[in-house]
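A.B. asks: Please read through the structure below; I'll follow up with questions.
The values are calculated or read from the model by the stated rules, or taken from the named source; none is laboratory data. Since we're looking at a predicted model, the values are computed, not measured. As a convention, Cβ positions derive from the backbone with ideal geometry for all residues, glycine included, and neighbour counts pool all protein chains shown.
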Amino acid sequence: MIYEMMFAHFIQLSGFHFRTIKIKQGSLIYRARYSVGNNSFAKLSDVSYPQKEFVQNFSRLNRPYQNLFYASETEKTCLSEMIPYWIDKFNKGDIFSITLGEWIVRNELKLIIIPDASNINERNINVLGQLDKPEIEFWNYFSNKFKTSTKQDKDIYEFTSAFGNALWLNSKIQKIDSAGFMYSSVQSPKNLNIALCTSSIDNGDLVPVEFVEMHVQRGDLNKKGLPTYKEIGDRKRGLIDLNKALIDWK
């Protein structure tokens, strides 16, 4: 009921003035998956977006049974976003595998951005320069929610996904054509995350160009209470056959 109540409230907000940014053709974005031990991913479906029936929980911008392609604008941000999973699932000294996917934008993507006055990212600064003070205050309230973790507020995903879906519906009413969202990272707050509609992948607007597998060992907690990690050994090309994977995916 939390989600439904907030969505009903957000959908009635008037004056939504959307800001969009473009991810240019040829840009690279990153998505990662982890696995226990020496298990490796060999199928594109394991490292791309999940099928709807497997989405059982709320996440930053989706409700259950709503799938999105979550990624980051840099490799560092992508790996940092995985820290909350590592702290819950692994102990100090544990070694696990990560498959890091590098995806290229083949057709320019337009994204709705959640502006954040505290983020010095160049994309964000350019948008902030277009806003007046009331707009900045409005978006800062919501951008702070997008930077709140479930450790701080167990219901935060219901809030952000309700707002995101209300934002999405309003964008369609205003005939704004976008492929998804861009917003500040929780774990790497000076950088940005991306949530794309699955159609961008299905249509070939975004395709993988490389998968790299690495082994990581969890270390001690830092001053913020988050686990540190270090890579073990050399990186190697992932097991996924890109030519076969893209054919199977279609």
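A.B. asks: Residue pairs, Cβ under 9 Å, 6 or more apart or interchain, first in segment 222-245 and at negative phi and touching a residue at least 12 places away in the same chain (Cβ under 8 Å), second assigned to a strand (DSSP E or B) and of a type in the set (S, T, N, Q). List them.
C.D. replies: Partner pairs satisfying both residue conditions: Tyr229/Gln217; Lys230/Gln217; Glu231/Gln217; Ile232/Gln217; Gly238/Thr99; Leu239/Thr99; Ile240/Thr99.
A.B. asks: Follow-up. I'd like to verify a number: residues in segment 1-31 that are assigned to a loop (DSSP other than H, G, I, E, B) and within 14 Å of Phe181 (Cβ to Cβ), how many?
C.D. replies: 3
A.B. asks: Please verify whether Phe41 is touching a Lys or Arg at 6+ places or on another chain (Cβ under 7 Å), crowded, with 16+ Cβ neighbours inside 10 Å and part of a loop (DSSP other than H, G, I, E, B), treating the condition exactly as stated. Talk me through it step by step, then tell me what you get.
C.D. replies: Numbers: touching a Lys or Arg at 6+ places or on another chain (Cβ under 7 Å): yes; crowded, with 16+ Cβ neighbours inside 10 Å: yes; part of a loop (DSSP other than H, G, I, E, B): yes.
Spelling it out, Phe41 is indeed touching a Lys or Arg at 6+ places or on another chain (Cβ under 7 Å), crowded, with 16+ Cβ neighbours inside 10 Å and part of a loop (DSSP other than H, G, I, E, B).
A.B. asks: Would it be correct to say that Asn124 is under 30 Å from Gly204 (Cα atoms) and part of a helix (DSSP H, G or I)?
C.D. replies: Judged against the criteria, Asn124 is a match.
A.B. asks: Right, next: Give the residue that is modelled with the highest pLDDT, with candidates limited to residues of segment 14-51 that are within 22 Å of Asp88 (Cβ to Cβ) and charged (D, E, K, R).
C.D. replies: Arg31
A.B. asks: For segment 47-98, give me each residue that is exposed (fewer than 15 other Cβ atoms within 10 Å of the Cβ), under 16 Å from the mean Cα position of the chain (by Cα) and not in a loop (DSSP other than H, G, I, E, B).
C.D. replies: Lys76, Tyr85
A.B. asks: Let me ask another. Within segment 106-160, work out how many residues are touching a residue at least 40 places away in the same chain (Cβ under 8 Å) and of a type in the set (A, V, I, L, M).
C.D. replies: Selection size over segment 106-160: 8.
A.B. asks: Looking at Arg31, is it under 20 Å from Val105 (Cα atoms) and charged (D, E, K, R)?
C.D. replies: So Arg31 fits the description; yes.
A.B. asks: I've got another one for you. Just to be sure, is Ala42 under 13 Å from Ala195 (Cβ atoms), of a type in the set (A, V, I, L, M) and touching a residue at least 12 places away in the same chain (Cβ under 8 Å)? If you could, list the steps in order and put the result at the bottom.
C.D. replies: Values: under 13 Å from Ala195 (Cβ atoms): no; of a type in the set (A, V, I, L, M): yes; touching a residue at least 12 places away in the same chain (Cβ under 8 Å): yes.
No.
A.B. asks: Shifting gears a bit: Among the candidates Ala32, Ala8, single out the residue that is among the aliphatic types (A, V, I, L, M) and surrounded by fewer than 12 Cβ atoms within 10 Å (Cβ to Cβ).
C.D. replies: Residue meeting the stated conditions: Ala8.
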